[in-house]
Structure formats: structure tokens, C-alpha cells
Amino acid sequence: MSPALRIGIIGSGFGALATAIELTTHGHDDVRLWERADQLGGVWRDNTYPGAGCDVPSPLYSFSFAVNRSWSRRYAKQPEIHDYLRRVADEYDITRRIRFGAEVVSAQWSETTSTWDLGFGDGTTETVDVLVSAVGQLSRPRRPAIEGIDDFAGTSFHSAEWDHGVPLAGRRVAAIGIGASAIQYVPHLAAEAGELTLFQRSANYILPKPDGPLPRWYQRGIEGERAFWWMFGEQFSRGLEDDSVVGRINAAVARWHLRRQVPEPDLREQLTPDYPVGCKRILFANDFYPAVRQDHVDLVTDPVRRIVGRGVETADGTLHEADVIVYGTGFDSQDFLSSIDVRGLDGERLADRWADGAHAHLGMYVPGFPNLFVSYGPNTNLGGGSIIYMLEAQARHMRQVLDRMRAGRWERVDVRAEVEARYDGQVQQRLERSVWGHCESWYRHPSGRITSNWPGSTGPFARRVRTLDPEDFAWT
Ligand code: NAP
């Protein structure tokens, strides 16, 4: 009997759970997870802003091995998704493997012992044979670099750190950043605030959302709908190629939705995007435009110049007074693992390797960083479809690598540099045909490389990673 590989997973969101369950259900028993917070769930624990929910239809948004038939609506809200994750973690006996309050701050490869030595924020250490990062792409909220941001005399918070203790009723609220999160909470802010000012830098393409309750009797229909939404996602992704028919349809539907919901020409003009459809994430909402039309809601498209004690000053010199500022300005998506000091062979820092943008073979393996696997790594994000499908496909590939390590008693596996370079070249070449090169978005590194997204739909990725090619790796 081969000795069990000690496997450590950083995180406890969808990626971490997909990996942990895949491994433990295939006989890898020494699996532990580290979670910096005191609860599991990743982004679905952190994002509790009013209206937080999924914009991927829920019938598709659950693990294939634990399809949730009891979603209460077609686009489930955050509490229900978080409950689902906790339930699955319990059912698969993962919860007890998680050490909570454990923030990994460093990970050092040891050449002599072929292990990863982990350092934690509280000064403790642990050693594992295999390290899986499942910290996600959107786990570090980004406050914008706006002048004077600390001078504001009122209360402010980021959408992913919503302060539910701050009263909003009747108050003057400023919302900076109108993206995927904001279009979900703006209708709620509008319902509560006395005055709401929205600072929009770029308009969004917004499609209607076929939301609604899913009654109990419908539960048996979920599987069928799951298949439908998967196929829909595969077709939708075609719209993310340059100048595609699907893209033109998406743009036409978004324009129709805007025309139908916003009769005022000036406001409509402000809400019309000036970049190709899909270049930033396409959004789904029925209640955003009606919220913006309300009398006490003001849409400001003049650039924000600075924050002052009393509010937000725009480039035209206007001071927009506010009691509360909400930052819906997104996440440090390009940092990948940079919040952790990861050092591989010869002490090389992963942050240095990725200084011009992250890249990894199949999004998972980095040469010179043996026994390090990355879930939801570079170029595995999607512009359409369910990320859970991608995460499961990655978990299955990692599990095959670990099966082989265990069977062959290999103590070290390292992807070959030329294999990684070839893969990255192919991905970047495919990305040249995508819409993402035509605007600034969180998909792009400042160097210009698109490091977040996979250039296609989920099926081709799953096929690409279905079987392990041992020749791609050096086994020691
Ligand atoms: P986001 O989509 O990146 O939106 C950030 C917004 O802030 C954008 O409107 C951006 O404008 C603006 N912004 C950033 N810096 C600014 C500055 N200095 N001044 C003014 N405006 C600024 O962030 P998010 O809404 O938090 O969503 C992030 C991602 O999380 C989404 O793309 C999606 O993948 C995921 N998400 C998913 C769901 C879901 O339903 N599944 C829900 C929420 C979020 P520009 O566009 O001009 O840069």
C-alpha cells in the first residue's frame, strides 16, 4: 500500500469543494482545507449585498454529483447558494477537514523533502506533499485608486464587504462602479435611499433575465432544464468571438431591452455601451433600468475626480453630496495567488514568474512549481456558462495526476516548461479571435494579456483536460 499523499487545499469555495470531493471520493484520504474566514463558501459567503445572487441559471449552477433540485427560483440568491455549499460539504464529509481562521501567507517548496511548507497568518506552519490553490479569481475586493478616498466623512464600504449595520433609509447614497454586483443591489438601494447617485464609468450590455419561482412540483424538471442551460451556455459563448452572429443577436436583444425599459432618449444614451458586446461581462437584469429611471435616482457619467469629506466630486467640478458611498468596483482579479508568498524551485517567487500576467498549463500547472495545482487558475474563467463545470473538469484532471503519483510512488510532478509554453501560446492565439481585446476589463492584465478567460465554451475545455498525458510532466 502506497503511503497517502498529504494534500492541502487553500480555500473552501466551489473550487476547493469540487477538488476535495473528487479526491476524497477516489481514495485520497489525507486531504485538508484551509479557510481564512470562520465559515466555508468563498465568494458565496462573502458577497451578502442586497439582491446578491447568481446570474447563471440555478438548474445549471450546482455540482454534477449533487444536482440541487430544490432551488426556490431560477436565479437563486446568495443565502440559498451558500446553504447548498454547506450542505454538500457536510454530505461529503468535507467540513470537518477544514481549518477555519487559517490564512495562508506563504508557501515554500522544499527541495530536500519534496514538500510544501505553509506559513499562516497566526504564525503556525504545516507541511504537505501536494498544494492545491483554490483561492479563486475574485476573492480580493478592490477599492479604487481615487484621490481622497480616505477623506470621506461619511460611511463607505465595498460591495463584497457590505456593512449591513449602516442605515440607508432616507439617506443620500453614492454608488461608484456599475458592474455585475451593482446592477443587483442598485434596485435595493433605490428602494431604501432618500437620494441615490450612480457613478457609471462604462455602460453595460444588459439582457432580460428569465427569472421566476421554481415550484416544488417542478423539481423533476430541473435535470432537463440543466441540460438546456448547458447547451444554451455553449452557444452563448460563441457570442464572445469577434464579430459573431450570436454576438450581434446579444447586442440587438440588449438594445431592445434598453429601448423597452427606458423611454427617455438622454438616459438611454447614457446607458448605451460604447464597446463591442461581450468585451465586458454581459449582465442579466429586469429591475436595473426601472430603478435608474426613478426620480430620486441620478445617473452620473462624468468621471469621478476625487472624493472629499462631503461626497464625490466629478470632473465637471460638481460636488455630489453623500452620507454613504458604496464601492462596486470589482476585485483584484489579476493577482491570482499574489496575496500568498509562493516560492518554487530555487526559491523563485510565483509573483515574479507572473509579473506580466499569470499563465499555467491547462490553467492548473506551473513549471518550476512542483506539486502545485491551481483550481480556477489563469485562463479558466468564462464569459458564459457555469464555472462549476470547469472546476469539476479541473478537479478530475488533478485527481488523475495524484492517482498516478500514488500508484508510481512518485514524490514530485512538474509540468514541462515547453508544454506549458505551447499551451499558453495556443490559448493566447485563440484569444486573439475573442472580443476581450477590444476594451479594458478585469479579464486583462495591465500588460495587455488576457489572463482570466478561457477562449471558448466549457465543453472543449472539459474534453481538453479529460485524460492525463503523462508525457506532459516530469515525474521524479
Ligand atoms: P465589475 O463587474 O468588475 O465592475 C466594477 C465596476 O466598477 C465597473 O463598472 C467599473 O467600471 C467600475 N470601476 C472600477 N474602478 C473604478 C474607478 N476607479 N472609478 C469608477 N468606476 C470604477 O465588478 P463586480 O460587479 O463586483 O463583478 C465582478 C465579477 O464578479 C463579475 O464580472 C462576475 O464575474 C462576478 N459576479 C458574478 C455575479 C453572478 O451573478 N454570478 C454577481 C456579481 C459578480 P469599468 O467597466 O469602466 O471598468
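The values are calculated or read from the model by the stated rules, or taken from the named source; none is laboratory data. Since this is a predicted model, take the numbers as computed values, not measurements. All Cβ positions, glycine included, derive from the backbone under ideal geometry; neighbour counts span all protein chains shown. Protein only, heavy atoms only, side chains kept; ligands, DNA and RNA dropped before computing areas. Shrake-Rupley method; radii C 1.70, N 1.55, O 1.52, S 1.80 Å.
To test your reading of the geometry: what angle, between 0 and 90 degrees and rounded to tens, separates the Cα axis of helix 387-408 from the longest principal axis of the chain? Once rounded, one gets 10 degrees. Our note on the geometry: Cα centres of the range 237-271 and the range 401-454, 31 Å apart. Computed with a 1.4 Å probe over protein heavy atoms only, the accessible area of ARG406 comes to about 60 Å². Summed over all non-identical Cα pairs, the Kirkwood treatment of the range 1-122 gives a radius of 15.7 Å. Full extension of the chain between ARG416 and GLN235 gives 61.8 nm of extra length, using 0.36 nm per residue less the Cα-Cα distance.
In the context of the full set of protein chains, the range 256-410 has a per residue accessible area of 38 Å² (1.4 Å probe). Each Lys and Arg contributes +1 and each Asp and Glu -1, all at the Cβ; summed about the Cα centre of the range 1-142, the dipole is approximately 640 debye.
For the range 216-267, which whole percent of the accessible surface, found with a 1.4 angstrom probe, sits on carbon and sulfur atoms? Here carbon and sulfur together make up 60 percent of the probe-accessible area. Using 1/(1 + (r/R0)^6) with R0 = 30 angstrom and r between the beta carbons of ASP274 and HIS188, what's the FRET efficiency to the nearest 0.05? The value I calculate is 0.65.
How big is the shadow of the Cα convex hull of the chain, averaged over all directions, in nm²?
Taking the Cα atoms of the chain, their convex hull projects to 22.9 nm² on average.
Overall, the accessible surface of the range 32-163 at a probe of 1.4 angstrom is composed of carbon and sulfur to the extent of 46 percent. A 1.4 Å probe run over the protein chains yields, for the range 123-176, 44 Å² of accessible area per residue, whole-number rounding. Distant-in-sequence amide contacts of ARG412, defined by a placed amide H-H separation under 5 Å and a gap of 5 or more residues or a different chain, comprise THR476. Helix 182-192 and the long axis of the chain differ in direction by around 40°, with both axes built from C-alpha atoms.
The Cα center of the range 106-154 and the Cα center of the range 9-75 differ in position by 20 Å.
Here the range 363-411 is treated with +1 on each Lys and Arg Cβ and -1 on each Asp and Glu Cβ, and its dipole about the Cα centre works out to around 160 debye. Only Cα pairs under 8 Å and at least 6 apart count here; give the relative contact order of the chain as a rounded whole percent. Computed over the chain, the figure is 20 percent.
Could you tell me what a quarter of the Cα convex hull surface of the range 119-234 works out to, in nm² with one decimal place?
Convex hull of Cα atoms, orientation-averaged projection: 14.0 nm².
Taking only the Cα atoms of the range 234-336, the radius of gyration and Dmax are 16.8, 49 Å. Report the paramagnetic label zone for THR113: residues of the range 337-366 whose backbone N is under 20 Å from a point 7 Å from Cα along the Cα-to-Cβ axis. Backbone N within reach: 341-348.
When a 1.4 Å probe is rolled over the protein heavy atoms, the share of accessible surface on the range 299-361 that falls to carbon and sulfur comes to 40 percent. When Rg and the Kirkwood Rh are both derived from Cα coordinates, the Rg/Rh ratio for the range 140-184 amounts to 0.93. The long axis of helix 245-261 is offset from the longest Cα principal axis of the chain by roughly 40 degrees. Spacing of the modelled spin labels on ARG293 and VAL245, each 7 Å from Cα toward Cβ, amounts to 3.3 nm. For the chain, the residue among GLY377, VAL166, SER237 whose Cα projects farthest onto the positive side of the dipole built from Cβ charges is SER237. In the range 329-476, the alpha-carbon atoms span a convex hull of 113 Å³ per residue. Computed over the range 14-77, the P(r) curve from all C-alpha pair distances, binned at 10 Å from the origin, holds 18, 42, 33, 8, 0 percent per bin. Note on the chain: with charges restricted to the Cβ of Lys and Arg (+1) and Asp and Glu (-1), its dipole about the Cα centre is near 1420 debye. Dipole orientation for the range 1-104: of the candidates ALA20, LEU40, ILE7, LEU40 has the Cα lying most toward the positive pole (charges on Cβ; Lys, Arg +1; Asp, Glu -1).
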